[in-house]
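Accompanying notes for the structure given below.
The values are calculated or read from the model by the stated rules, or taken from the named source; none is laboratory data. Given the structure is predicted, the values throughout are model-derived calculations rather than measurements. Glycine also receives a Cβ, built like all others from the backbone with ideal geometry; neighbour counts cover every protein chain displayed.
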Amino acid sequence: MGFLDKLFGRKGGTDTLPQKEDETIPDVPCPHGSLVPHWDELADMGKTDAVSYYICESCGGRFSREDGQRLMAEAAERVRVSEEERAQPSEG
């Protein structure tokens, strides 16, 4: 029995918690909060109006410039709303 087995209370060393048969993880849609811009021309790099497309780092989705900008604005609004909610004093 190793140190970690003793720490976590495992008795045979290889025994782990039994998996639940009915447990399923809900399929959560990607919020596309980490979009990376891509340009066709090297000279256009850094120019937001010359972005060719965006790729989401989380799910690998590819979006047009318009869709990518819309998704980034939506993500920024979600952050802004959550910051405002956190800044409000809690009741109770």
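Across the range 24-62, what is the number of residues that are among the aliphatic types (A, V, I, L, M) and on the phi > 0 side of the Ramachandran plot? Walk me through how you get there before you give the answer.
Step one: list which residues in the range 24-62 are among the aliphatic types (A, V, I, L, M), which gives 25, 28, 35-36, 42-43, 45, 50-51, 55.
Narrowing further to those that are on the phi > 0 side of the Ramachandran plot: none.
Residues in the range 24-62 being among the aliphatic types (A, V, I, L, M) and on the phi > 0 side of the Ramachandran plot: 0 in total.
Of the numbered conditions (1) surrounded by 11 or more Cβ atoms within 10 Å (Cβ to Cβ); (2) at pLDDT 90 or above, Leu42 satisfies every one except a single condition; which is it?
(1)
What are the residues in the range 71-90 that are of a type outside the set (Lys, Arg) and more than 18 Å from the chain's Cα centre (by Cα), if any? Talk me through it step by step, then tell me what you get.
To start, the set of residues in the range 71-90 that are of a type outside the set (Lys, Arg) comprises 71-77, 79, 81-85, 87-90.
Within the range 71-90, Glu84, Glu85, Ala87, Gln88, Pro89, Ser90 qualify.
Please tell me if Gln88 is surrounded by 10 or more Cβ atoms within 10 Å (Cβ to Cβ), of a type outside the set (Lys, Arg) and out of contact with any Phe, Trp or Tyr (no Cβ under 7 Å at 6 or more places or on another chain).
no
Tally up the residues in the range 46-61 that are under 12 Å from Ser34 (Cα atoms), in contact with a strand residue (DSSP E or B) (Cβ under 8 Å, 6 or more places away or on another chain) and loosely packed, with under 15 Cβ neighbours inside 10 Å, please.
1
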